[in-house]
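Only one structure is covered here, and it is reproduced in the block below.
Taken together, the values in this text are just the output of simple stated rules run on the coordinates, not laboratory data. None of the values given here were measured: they were computed from a predicted structure. A quick note on method: Cβ atoms are made from the backbone with ideal geometry, for glycine too, and the neighbour counts reach across all protein chains shown.
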Amino acid sequence: MTDTLRASLIELIRRTSAEIPDDVQKVLLESLEQEKKGTIAESALKIIQQNIELAKKKSQPICQDTGTVLFYVDAPAGFDQIAFQETTRDAVTAATKLGYLRQNSVNSLTGVNDGTNVGEGAPVFHFHQHRSPEVRVRLILKGGGCENVGVQYSLPIEKLKANRNLDGCRRVLLEAVVEAQGKGCGPGVLGVCIGGDRPTGYEFSKRQLLRKLDDRNPIPELDRLEQDLLHTSNELGIGPMGFGGKTTLLGVKIGALNRVPASFFVSVSYMCWAFRRQGVVLNAEGKIENWLY
Amino acid sequence: MIHLTSPFTEAQIRSLKVGDAVELSGVVFTGRDAVHTYLHDGGALPPGVSLKNGIIYHCGPVVLKGDDGQWKVVAAGPTTSAREEPYQGQIIKDFGLRGVIGKGGMGERTLQACREYGCVYFHAIGGAAQVLAECITRVRNVYFLKEFGSPEAIWEFEVAKFPVVVTIDAHGNSLHREVLNASREKLARLAG
């Protein structure tokens, strides 16, 4: 099990780092069609397309910032999380040696980067038990540039005229898009959580990035807000890389959690165009049965 | 498309304008957070590194050592430049830089230093680590590898036809400021 699982996880990391998921690629190609010909916005999106093709062909990282390594694992009761974590940490170090991941994990107190990508809190694991017998492992590699433009608002915010309702959420989310400009490597995707406390709000906002870009929110008011924010953000003229242009965002995904009466947080995780997300279903031996994106 | 090869003259750099697409060739040195704080705090460049009339590239590449002992650049796109804003102006002045390559733009102090000392900000495409790595034709050397770790080290690269856009020129213009102001005005109209 261990060797097979280890090999499957290295392959998951390789593919996540080197290949953009189909749902993201589709939207990127559509945005290239829409940009005005001969502009630097169009040329930026063309380079992005060349880069996607080259990374896949060479089996090398789309972006050199291979980011925070985030595993989302759904498994049945009785699944050995400790053994899984040990094997995964080993696979992360092996994938780093192979150049699928940059040496990217730094001790925050000493500044030491030991080159393994393993340490306190690295990689990140989110385990979830489910009734199904299958083990599902999803991986997001989230670069630091886009993580740094993430933001959390505590409503109301008077100067943004943001009250504790969906209009207030809309106002702070558009503010987040304008503040981000090109710094998060746009065109990007907003993962949003309305409600929760501070850490669960951020965590749930990031979890929204597991959704496919072409899915629709089953909650009608959130679906409307997602469509409206996508459309309105693309009217702002920020464009790819903040060069100006029509494509500022590729998608908006919003979830909501209950809150306490005193708090109303709106949390934003911004994902860059180099949206590295993949997932696999593993069989009992740890072999990859199928790919999720 | 404008082609430029390092080292640059002040006149070449001052002839560039915001929005110009440029292909860069010659030598570039990488430097990001650790290098900028170190130089800003009075640290000396290691022997062999000269930034005079040259370029600093905000980049933490993925570089592997091959079986032949040669370095191989696996991925090398730009990192967010805004973090170097507290240090960049001083470094442009102290070390005679003519160009800074990065992504996401920089602020007023860098813009002022570009105007005063004759330097520009070249915006590379963030995330385009493979296209940009293809433009790196040779790794000449690496400095501070042990001290700062691989992503934060100073890598000396030879580049050919490295594609960038001038987004801050030496005349006080910034595409970043223009787009920010225009998008703020639009937001005020759209949000009501």
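Counting other Cβ atoms within 10 Å as a rough exposure proxy, the listed residues A:Trp273, A:Trp291 run A:Trp291, A:Trp273 from fewest neighbours to most.
Hey, got a sec? Which trypsin sites (Lys or Arg not before Pro) in the stretch A:20-54 land in a DSSP loop and have at most 16 other Cβ atoms within 10 Å?
A:Lys36, A:Lys37
Report note on the peptides B:38-47, B:79-88: ranked by the mean count of other C-beta atoms within 10 Å, highest first, their order is B:79-88, B:38-47.
Just to be sure I understand: of the beta bridges DSSP finds with both ends in the stretch B:1-101, what percent are antiparallel, rounded to 5? Taking every DSSP beta bridge within the stretch B:1-101, about 30 percent pair in antiparallel fashion.
Is the shape of the protein assembly as shown best called rounded, prolate or oblate, per the rule: a/c under 1.5 gives rounded, else a/b larger than b/c gives prolate, else oblate, with a ≥ b ≥ c the square roots of the Cα gyration tensor eigenvalues?
Values: a/c = 1.80, a/b = 1.20, b/c = 1.50.
Because a/c hits 1.5 or more and a/b fails to exceed b/c, the protein assembly as shown counts as oblate.
Of the peptides B:22-31, A:154-163, the ranking by mean beta-carbon count within 10 Å, highest at the top, reads B:22-31, A:154-163. Placing one equal scatterer on every Cα of the stretch B:2-191 and applying the Debye formula, the log10 ratio I(q)/I(0) at q = 0.09, 0.14 Å⁻¹ is -0.31, -0.73. Counts of other chain beta carbons within 10 angstrom of each beta carbon in peptide A:99-110 average 3. Each helix, a run of at least 4 DSSP H residues, gives -39500 (n - 2.57); summed and divided by the residues of the protein assembly as shown, these come to -11000 deg cm²/dmol at 222 nm. Angle check, please: helix A:40-58 long axis (alpha carbons) against the longest principal axis of chain A (alpha carbons), in degrees 0 to 90, nearest 10. Tilt relative to chain A: about 10 degrees. Rounded to the nearest 10 degrees, the angle from helix A:198-207 to the longest Cα principal axis of chain A is 80 degrees.
Tell me, what is the percent relative contact order of chain A, built from C-alpha pairs under 8 Å that lie six or more residues apart?
Relative contact order, chain A: 26 percent.
Within the stretch A:1-21, which residues have the backbone N less than 13 Å from the label spot 7 Å out from A:Ala284 along Cα→beta-carbon, could you tell me? The answer is A:1.
Of all beta bridges DSSP finds with both residues in the stretch B:2-191, what is the antiparallel percent, to the nearest 5? Rounded to the nearest five, the antiparallel share is 60 percent. Remark: the stretch A:150-228 projects, on average over all directions, an area of 5.5 nm² (convex hull of Cα atoms). Mean per-residue shielding of peptide A:169-182 is 3, counting Cβ atoms of other chains within 10 Å of each Cβ. Ordering A:Gln227, A:Gly184, A:Val24 by the projection of their Cα atoms onto the charge dipole of chain A, which places +1 on the Cβ of Lys and Arg and -1 on the Cβ of Asp and Glu, puts A:Gly184 at the extreme positive end. Of the residues A:Gly121, A:Gly239, A:Gly67, the one that moves most in a GNM of chain A with alpha-carbon contacts below 10 Å is A:Gly121. Applying a 4.7 Å Cβ-Cβ cutoff to chain A leaves A:Cys63, A:Cys169, A:Cys193 as cysteine residues with no disulfide-compatible partner. Mean partner shielding of peptide A:274-281, defined as the number of other chain Cβ atoms within 10 Å of each residue Cβ, is 1. Principal axis analysis of the Cα atoms in the stretch B:17-98 yields extents of 41, 34, 23 Å, listed in decreasing size.
Using only alpha-carbon positions in the stretch A:138-293, the gyration tensor eigenvalues give semi-axes of 26, 20, 14 Å once each is multiplied by 5 and square-rooted (largest first). If you run the Gaussian network model on chain B, springs between alpha carbon atoms under 10 Å, then out of B:Val63, B:Val164, B:Val120 the most flexible one is B:Val63. Largest GNM mean-square fluctuation among B:Ile92, B:Ile56, B:Ile125, using chain B with Cα springs under 10 Å: B:Ile125.
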